[in-house]
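Structure record follows, encoded as structure tokens.
The values are calculated or read from the model by the stated rules, or taken from the named source; none is laboratory data. Because the structure is predicted, anything quoted here is derived from the model rather than measured. A quick note on method: Cβ atoms are made from the backbone with ideal geometry, for glycine too, and the neighbour counts reach across all protein chains shown.
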There are 2 protein chains.
Amino acid sequence: MTKIVECVPNFSEGRREEVVGAIADAARRIEGVRVLDVEMDASHNRAVVTLVGGPENVKQAAFACASKAVELIDLNKHTGEHPRVGAVDVIPFVPISEVEMKDCVELAMSLGQEIAEKLGVPVYLYEEAATRPDRKNLAKVRRGQFEGLREEIKTNPERAPDFGPSELHPTAGAVVVGAREPLIAYNINLGTGDVSIAKSIAKAVREKDGGLKHVKALGFETDKEDVVQVSMNLVNYKETPIFVVFDAVRSHADKHGVPVVGSEIIGLVPQDALVDTAEYYLKIQDFSKSQILEYKLRE
Amino acid sequence: MTKIVECVPNFSEGRREEVVGAIADAARRIEGVRVLDVEMDASHNRAVVTLVGGPENVKQAAFACASKAVELIDLNKHTGEHPRVGAVDVIPFVPISEVEMKDCVELAMSLGQEIAEKLGVPVYLYEEAATRPDRKNLAKVRRGQFEGLREEIKTNPERAPDFGPSELHPTAGAVVVGAREPLIAYNINLGTGDVSIAKSIAKAVREKDGGLKHVKALGFETDKEDVVQVSMNLVNYKETPIFVVFDAVRSHADKHGVPVVGSEIIGLVPQDALVDTAEYYLKIQDFSKSQILEYKLRE
């Protein structure tokens, strides 16, 4: 069976293509790793690279990227809309196949240590890899950003990193390394022109307002006059499966007398999320993933 | 993207383990092929071998098996419950991944020719590979079995093979080679002790009695007193998807006032069948299989 880990490092550079290219190339040189996607955003001045492969290979590739970014990015010259504390800002590991969350936490800790030791950059652990509850939330870890943390780290022991020196790297800042579940971008379309219904359902289902755990949701208009959308991020499809979200939105829509006319998955989705959905609706009992022919072939 | 074909040759030997072992080993020696399963049935005196791999590799493995079976099995000494015309009785090719039915038809024709030429055994093409409508049905091709066909082939031009000599091989008989869709063995459990309801629903949904195309169904009791089962073979899940079958059985069960308490997939299922099911129930629009992370990785 093939172990697959995803890693989605974020870099504080979204304008100079040659820099982002060099970072992605550093990953491409590692055997057993594929660079699935490279996205640059000029206004955020940020790039997101998606790596997949075997756990150790992906860790190696993440280190290679980080090393290159520390070399090429100077945060003192960085401006952009997106908050950041580091040249390599965030490195989450994501379990995809035949890998547990605890394996990804171990990868995060091991990579964090390596970055601190070899690159001299302080490392904070976040989300599932967090060493204390207040560091689960990335926004809290990044509080004050590069410029603020640079001062605070010297005086406030609460801001001490998990690994590495107690001061920021002069040009590369700090790195936040962690582990999280795969994120599914999932939108449900409702057959009405009334965006207030989409907004009301989004509010009803999102965690922030007491809805479903691990669901972020907003209501939007679409380019079709008679269709509005509940646009969601499912940040832990194992604990709150996609079918639970679909059924919840449909129930709310029913209550509003509005039909669900369709849904969309944006970007990638782990196979498990779809297989679990089929199992649920077909009420399949005692199913083992090794019954999936393609799965058995990979064994 | 990896092309995967399945091949499920049936051999007229279900008692001598060393013979079946030698046949399976012949396939194992072919690179790029995996022997997923070997099943022997003593009362049927028949073995079923499941091969998967790349199209050409699987064809080569099927020929290696056939060659070994022709060498080791003498149909004149064969008795068993299962109808048969050959030492190698049937060889169906099944498209699994990135392969079309027409590719499997070509494999069947090419293997048929090779068997006829190199082994001197007449070959009939059946199902999707059939060259005439009356040969689609395996039972019709096998009419009279080895002993009957041995005589009839000499005098009745209707029984002339597609490839090879116009008389049966003295010990190996004939081979029926073809192509078909993957078969899904799917059972739905109903929360009642009344087996007549399972039988009535089986009759309502099966093709033979005017129900759903490509569905074979029977009603059974189970080992639980308050559960009966509609036991089905879905012989073309692309044309009659598993969710259509589930919904049909559920509707009939509703009409009887009986709940669907669960379902089971027996053995292997192609990934597509489950992904299509998730798409259907979640009403997903514009989905591409390349959005499945594991799929993208295999590209």
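Those residues that are within 24 Å of the chain's Cα centre (by Cα) and in a helix (DSSP H, G or I), I need them from segment B:148-168; list them, please.
B:149, B:159
Could we say that residue A:44 is part of a loop (DSSP other than H, G, I, E, B), away from chain B (no Cβ under 14 Å), farther than 28 Å from residue A:271 by Cβ and in contact (Cβ under 8 Å) with a residue 40 or more places away in the chain here? Walk me through it before giving the result.
On the way: part of a loop (DSSP other than H, G, I, E, B): yes; away from chain B (no Cβ under 14 Å): yes; farther than 28 Å from residue A:271 by Cβ: yes; in contact (Cβ under 8 Å) with a residue 40 or more places away in the chain: no.
Here the answer is no, as residue A:44 does not meet what is asked.
Given the options A:253, A:248, A:273, name the one that is in contact with a helix residue (DSSP H, G or I) (Cβ under 9 Å, 6 or more places away or on another chain) and either among the β-branched types (Val, Ile, Thr) or free of Cβ contacts under 8 Å to residues at least 60 places away in the same chain (or both).
A:248
How about segment B:187-299: which strands (runs of 3 or more DSSP E) wholly inside it have at least 1 residues that are within 22 Å of residue A:277 (Cα to Cα), over 24 Å from the mean Cα position of the chain (by Cα) and within 9 Å of chain A (Cβ to nearest Cβ)?
It comes to B:260-266.
Within the group B:104, B:65, which residue is hydrophobic (A, V, I, L, M, F, W, C), at pLDDT 95 or above and within 21 Å of residue B:236 (Cβ to Cβ)?
Among B:104, B:65, only B:104 is hydrophobic (A, V, I, L, M, F, W, C), at pLDDT 95 or above and within 21 Å of residue B:236 (Cβ to Cβ).
Considering only segment A:69-91, how many residues are surrounded by 21 or more Cβ atoms within 10 Å (Cβ to Cβ) and in a helix (DSSP H, G or I)?
3
Would you confirm whether any residue within segment B:154-161 is modelled with pLDDT under 95 and acidic (Asp, Glu)?
yes
Identify the residue in segment A:95-134 that is of a type in the set (Val, Ile, Thr) and without any contact (Cβ under 8 Å) to a residue 60 or more places away in the chain and, among all such residues, is nearest to residue A:169 (Cα to Cα).
A:121
If you go through segment B:236-272 one residue at a time, how many are among the β-branched types (Val, Ile, Thr), out of contact with any Ser or Thr (no Cβ under 8 Å at 6 or more places or on another chain) and farther than 23 Å from residue B:96 by Cα?
3
When you go through A:38, A:94 one by one, which is the residue that is under 22 Å from residue A:271 (Cβ atoms) and not in a loop (DSSP other than H, G, I, E, B)?
On inspection, the qualifying residue turns out to be A:94.
The conditions are (1) within 14 Å of chain A (Cβ to nearest Cβ); (2) surrounded by fewer than 24 Cβ atoms within 10 Å (Cβ to Cβ); (3) under 17 Å from the mean Cα position of the chain (by Cα); (4) not in a strand (DSSP E or B), and residue B:58 fails exactly one of them. Which is it?
(2)
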